[in-house]
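One structure below.
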Amino acid sequence: KEQKRYFVIIDDIWSNQAWKIIKCALFPNDVGSKIMTTTRSITIAKLCCSPQHDHVYEIMPLTEANSKSLFLKRIFGLGDMCPPKLEEVSSEIMKKCGGSPLAIITVASLLANKASTNEEWERVYNSIGSTLEKDPGVEEMRKILSLSYDDLPHHLKTCLLYLSIFPEDCEIKRDQLIRRWIAEGFINTEGGQDLEEIGDGYFCDLINRSMVQPVRIQYDGRVYSCRVHDMILDLLISKSIEENFVTFFGGQNQKLVLQHKIRRLSLNCYSQEHIAVPSTAIISHCRSLSIFGYAEQMPPLSKFRVLRVLDIENGEDMESSFIEHVSTLCQLKYLRLDVRSISAFPEQLGELQHLQTLDIRWTKIRKLPKSIVQLQNMTCLRVNNLELPEGIGNLHALQELREIKVKWDSLASSLLELGSLTKLRILGLRWCIIDTHGNKEIFVENLVSSLCKLGRLNLRSLCIKSDYGYSIPLKEMYGYSIDFLLDSWFPSPHLLQKFQMDAYYFFPRVPVWIASLDNLSYLDININPVEEEALEILGGLPALLLLCLSSESSAQKQRLVISSNMFICLNDFRFTCWSNGKGLTFEAGAMPSLEKLEVPLDAGKDLDFGIQHLSSLMHVTVKIICGGATVQEVEASEDAIKSAVTHLPNHPTLEIRIWGDENMAEVGFKKNMVEEDQGKAEEEIQTSTQLI
């Protein structure tokens, strides 16, 4: 291993000590290995360099032209459009930003939410310090960030300040953050508006103002998770300490300040071991406790008398006894546990009458306490493969329930109770009733009855899985059919936006109720065989954005044709077929909005499937099926695919995967496109190959 080359990138080194520790893990060799580091300190940059090769690259500020383009594009959507009356003041603002991308984006985001008047822009210009253009240091950058923070309305300031709780570079999921905001009382509603919808608006506002950065984007364009830029996080931490909004302990360069009563406590155990909350800490008024990693010597939960939020992330080694007294937290509204050592809840859980969110997916809890059905205010219950408790129908406020397990010894009556959850929007279940089970009919009847009731009300998302795993023989995996969903769902669930099946079962055709779903935007479905009629039905769904279509074979003797009047809105199409037949072909004008494509192709066969007509493509994944093909045919197929993708207008990224290489006509095919030669590395498209 020591003779292999490596390329390592280490981002944002803050201290000499951090580099010395990291360096110990990097073995030196003479085969051309490379290490790239980033830092704000020139001293640390030079320390990271080897004595023989001193390469420190100082990033230069943006040019005037690039600064202007970035500034105007953020405000007006175009990089060359600025009202003449604002030309002069915009030039002066950009000068003060000193070519710093973060400063430009921050100021531009601030102006994007203001009137485009010379007076308004002059006011912002006068608020910016004058030294950033000469010395783009941390303090001047902080003044610009403070300007954007101070301009926020009060409710957004509070919500943004709350993000200081999370460690640096932490990926923060939108739905978890919004539920925490709700539990803290940061979101107020008038006129019966939904709290989560209001919170989603707050979240989008912070994204649009560039106060937080999007990380992962969903199929529908919504931000799934975000991250806080480290300079903005520094600002939020300092303001949180100043206002006694959050007390921090254990983070990088953070010290526990115990000058006031603790209102919210954030323990970052990732960067510091043996963290313990001092006995002198006044925690009786603490409203929120967030633990990242394993914290030793925690005070008992019973001392956090007014706690509303308890969130433990990755507490692998935490003692299970820590949650023994969780039922004493009578004000608790949000409880999320990512603690593998916890295997049971106290039976008194039902005493938490204010609990709204319970997320225990990443624990070893295998049975819910019976008292859980007493939680009348619970809106979100997330579990991992647990059975429904008797009385689940009492949770009338429940909007999200996943993932529940239905097996042969489950209570069939609990399935019938699901129909009483009139506010339920999201349902996820694992179907574990084998076809030969004697009482299957009663389980099916009760589930279908509940789905029909929920579909008439508020159901937006249904995910249904089957019971499978490494311990289950392959022939049994196909025994968990959900054919009862073919024709029995009536009337159709008119509000359904997402249907996902993760099962070793294939519908013989498109279920009847799917054709009338005008709001369906996400569909993951197994159909075998795939026929032209199925594509016509699915292609007519007016709101469909993502389609995952899996099949074992194609029934067509000719290619399946996707014409110009089908899949008008689709932007992500993933097709899997083990016996591909003639495959797909895209006519001119087909899928005009498609950005992501994943298709299988048979090596050695005609590869002209009309990809040139998909002009909006940004990402392409091709799975080459190698069975019976020669090495030369596989290589020729790869070259043909690369050539076709290269000529697309957006120059999409390309990923090539190899299926069934062990069944190729020639032995010894071990090609890996990850290690391409120097010439291919200079191609315009990005390629990689995986052996599956």
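Bear in mind that the values in this text are calculations on the coordinates, not laboratory data. These numbers come from a predicted model, not from an experiment. Reconstructed Cβ throughout: ideal geometry from the backbone, glycine too, with neighbour counts over all protein chains shown.
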Quick one: putting +1 on the C-beta of Lys and Arg, -1 on the C-beta of Asp and Glu, what dipole do you get for segment 246-378 around its Cα centre, in Debye to the nearest 20? 480 debye
So how far, in whole Å, is the C-alpha centre of segment 1-62 from the one of segment 74-116? 36 Å
Using bins 5 angstrom wide from zero, how does P(r) for segment 387-457 break down, in % of all Cα pairs? 3, 18, 30, 28, 14, 6, 2, 0
How large is ³J(HN,Hα), in whole Hz, for each residue of segment 648-658 in order, when computed from phi with the Karplus curve 6.51 cos²θ - 1.76 cosθ + 1.60 and θ = phi - 60°, using x for Gly and Pro? 6, x, 8, 6, x, 6, 10, 10, 10, 10, 10
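State the antiparallel share, in %, of DSSP beta bridges confined to the chain, rounding to the nearest 5. Can you show the working numbers first?
Numbers: 6 of 95 bridges.
Just about 5 percent of them are antiparallel.
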Treating the beta-carbon of each Lys and Arg as +1 and of each Asp and Glu as -1, no other charges, what is the dipole magnitude of segment 7-48 about its Cα centre, to the nearest 20 debye? 120 debye
Calculated from DSSP H runs of 4 or more alone, at -39500 (n - 2.57) each and per residue, what is the 222 nm mean residue ellipticity of the chain, nearest 500? -7500 deg cm²/dmol
Where does the chain land on Rg(C-alpha)/(2.2 N^0.38 Å)? 1.08
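Under unit Cβ charges (Lys, Arg +1; Asp, Glu -1), what dipole magnitude, rounded to 20 debye, does the chain have relative to its Cα centre?
Values: 72 positive and 90 negative charges, 389 e Å.
For the chain, the charge dipole is close to 1860 debye.
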Full-extension gain in nm, residue 91 to residue 122, via 0.36 nm per residue minus C-alpha separation: 10.0 nm
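Rounded if a/c is under 1.5, else prolate if a/b beats b/c, else oblate: with a ≥ b ≥ c from the C-alpha gyration tensor eigenvalues square-rooted, which is segment 138-203? Intermediate values should be presented prior to the final figure.
Values: a/c = 2.98, a/b = 1.58, b/c = 1.88.
Here segment 138-203 falls in the oblate category.
Using only Cα atoms, what Kirkwood radius does segment 604-662 have, in angstroms?
Numbers: mean 1/r = 0.0832 Å⁻¹.
Computed over segment 604-662, the radius equals 12.0 Å.
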Non-local residues with an amide H under 5 Å from the amide H of residue 247, with H modelled 1.01 Å from N and Pro and chain starts lacking one, are 263, 264, 265, 266
Using only the Cα atoms of segment 64-150, build the gyration tensor, take square roots of its eigenvalues as a ≥ b ≥ c, and label the shape rounded, prolate or oblate: rounded if a/c is under 1.5, else prolate if a/b is larger than b/c, else oblate. prolate
Classified through the alpha carbon gyration tensor (a ≥ b ≥ c as square roots of its eigenvalues; rounded if a/c is under 1.5, else prolate when a/b is larger than b/c, else oblate), segment 7-48 comes out prolate
